[in-house]
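Please treat every number below as a calculation from the coordinates, not as lab data. Bear in mind that the values here come from a model prediction, so they are computed numbers and not experimental data. Positions of Cβ are backbone-derived with ideal geometry, glycine not excepted, and every protein chain shown enters the neighbour counts.
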Amino acid sequence: MSTAVSPGPAQGVAPRGLRLPRPGTAGGALAVALLLALAVAVQLGAVPVAPSDWWAWASDAPRSGGAYVLWELRLPRALLAACVGAALGLAGALTQGLFRNPLADPGLLGVTSGAVCAVALVLTVFAASAAAVPPAWRVWVLPLSAFGGALAVCFGLERLARWLTPGSVAGLLLTGLALNAMAGAVVGLCTYLATDEQLRSLTFWTLGSIAGANWQVVAVLAVALAAGLWQARRLAHALNALALGEAAAVHVGVDVAGLRTRLIVIVALLCALAVAWCGLIGFIGLMAPHLVRGWAGSDHRRVLPLAMGAGALLLVLADTVARTVAIPAEVPVGIFTALLGAPMFLLMLRGMARQQGGHA
């Protein structure tokens, strides 16, 4: 599969017969939809939440009942889902801009595979060492392992791509696919060596869940997300130029190699933080930018922030369904994102075939 497609309409220009909404209108609509989704997420559940529970934060009395569920469980979980979805949406938009392909996904770079590989090793091969960590720090073992594995793959990808195929975006993609295969082989070996308990833990983690949310994690992800968006917005003009082709981007003064390195690091950081706390959650990075690009055009000054909002909205809705569809049990959210994302991926393939004059 080619790593680039024709850029289509000029940046920020609507296809024939389609009028793009103003940036403020699109952002406002997404913000309202996200606020409504968050409100529904914190209200739905086995324990009812009363209006008076919202004022429990101002009271010094211990929280109990609905107030505890609201402030310690549902609200941080809904906000974490929004932050993770926004991070994956932004990472997906940057990845698609780098490869100039609307079917590109952050997983192609091997970041998520590196995180899974590190967690699998910690849960199986290094389980004894993890158990020796003091109990107060044990909760950080898997997130830090996933973060380290994702970053290791990120920098390994950059070094290998520079060595094997210097300056080639296609070579970067193929190197990422090779690292994905290697990481998958390590995970398969760990699965074979795992005990029943270790296998259950690994399986649940790879399915994705927002159940471990707390205010500290929300704060860390929110700060990282703000930093990632600030850096990404500075690269929006360069991404618009890259959409016309690498040669055209170089002609207008874009340092393609430097741009590629910066994009890889931003994508790795965003995906690593998301995967480290919530496990594997697929298709958000693929769906959110694609939906936004079809609605608001291909100008990355619009696409990047709107993809964050769309990703946050999609994951909040998916997590709400996963948490409430089988009360009191909980279904891993990764199952719902896959059920939604796989058919959409097929529809995207069919749409691309029609645009290119082929037959789906």
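Can you work out the Karplus-derived ³J(HN,Hα) for every residue in the stretch 313-323? Use 6.51 cos²θ - 1.76 cosθ + 1.60 with θ = phi - 60°, whole Hz, and x for glycine or proline.
Values per residue, Gly and Pro as x: 4, 4, 6, 4, 5, 5, 5, 4, 5, 4, 7 Hz.
So what J values fall out for the stretch 241-246 if you push phi through Karplus, 6.51 cos²θ - 1.76 cosθ + 1.60 with θ = phi - 60°, rounded to Hz, Gly and Pro as x?
Each residue of the stretch 241-246 in turn: 5, 5, 4, 7, x, 5 Hz.
Rounding to the nearest 10 and keeping the result within 0 to 90°, find how far the Cα-based axis of helix 215-234 lies from the longest principal axis of the chain.
Between the helix axis and the principal axis of the chain, the angle is about 10 degrees.
When LEU94, LEU225, LEU346 are ordered from fewest to most other Cβ atoms inside 10 Å of their Cβ, what list results?
LEU346, LEU225, LEU94
For the residues ARG301, ARG74, what sequence is obtained by ranking on other C-beta atoms within 10 Å, fewest first?
ARG301, ARG74
If each residue of separation counts as 0.36 nm, what is the full-extension length gain between HIS237 and ARG350 once their alpha-carbon separation is subtracted?
On the way: separation 113, 0.36 × 113 = 40.68 nm, distance 2.96 nm.
Once the chain is fully extended between HIS237 and ARG350, it gains 37.7 nm.
Once phi is turned into ³J(HN,Hα) by the Karplus curve 6.51 cos²θ - 1.76 cosθ + 1.60 with θ = phi - 60°, what whole-Hz value does each residue of the stretch 325-337 show in order, with x for glycine and proline?
6, 10, 3, x, 7, 10, 8, x, 5, x, 5, 6, 5
When ranked by the protection proxy of mean other Cβ atoms within 10 Å per residue, highest first, what sequence do the peptides 263-273, 146-156 form? Before the final figure, lay out the partial values.
Numbers: 263-273: 24.9, 146-156: 21.7.
The peptides rank, most packed first, as 263-273, 146-156.
Given only helices, namely DSSP H runs of n ≥ 4 each adding -39500 (n - 2.57), what is the per-residue ellipticity at 222 nm of the chain, to the nearest 500 deg cm²/dmol? Numbers along the way, then the final one.
Numbers: 15 runs with 246 residues, N = 360.
Calculated from helices alone, the mean residue ellipticity at 222 nm is -23000 deg cm²/dmol.
Between LEU177 and ALA226, what is the label-point separation in nm under the 7 Å Cα-to-beta-carbon projection?
4.0
How big is the equivalent ellipsoid of the chain along its three axes, where each semi-axis is √(5λ) from the Cα gyration tensor, reported in whole Å from largest to smallest? Write out the running numbers ahead of the final one.
On the way: eigenvalues 228, 146, 65 Å².
Equivalent ellipsoid of the chain: 34, 27, 18 Å, largest first.
Working from Cα positions, state the angle (0 to 90°, nearest 10) between the long axis of helix 23-43 and the longest principal axis of the chain.
Long axis of 23-43 versus the principal axis of the chain: about 20 degrees.
Under a point spin-label approximation (7 Å from Cα along Cα-to-Cβ), what is the TRP163-THR195 distance to one decimal in nm?
In this crude spin-label approximation the distance works out to 3.8 nm.
Could you point to the residue in PRO305, LEU142, ALA78 farthest towards the positive end of the chain's charge dipole, with +1 and -1 charges on the Cβ of Lys/Arg and Asp/Glu respectively?
Of the candidates, PRO305 comes out farthest on the positive side.
Please give the contour-minus-distance gain from LEU44 to ALA329: 0.36 nm per residue of separation, less the Cα-Cα distance, rounded to one decimal in nm.
Details: separation 285, 0.36 × 285 = 102.60 nm, distance 1.40 nm.
This chain segment gains 101.2 nm when fully extended.
Based on the mean of other Cβ atoms within 10 Å per residue, sort peptides 123-130, 217-224, 75-82 so the most packed one is first. Present the calculation step by step, with values, prior to reporting the outcome.
On the way: 123-130: 15.2, 217-224: 17.4, 75-82: 24.4.
Most protected by this proxy first, the peptides run 75-82, 217-224, 123-130.
Where the centre of each part is set by its Cα atoms, how far does the stretch 212-259 sit from the stretch 65-79, in angstrom?
32
Compute the long axis of helix 256-278 from its Cα atoms, compare it with the longest principal axis of the Cα atoms of the chain, and write down the angle in degrees, 0 to 90, nearest 10.
Compared with the principal axis, the helix lies near 20 degrees.
How many angstrom lie between the C-alpha centres of the stretch 140-154 and the stretch 317-348?
25
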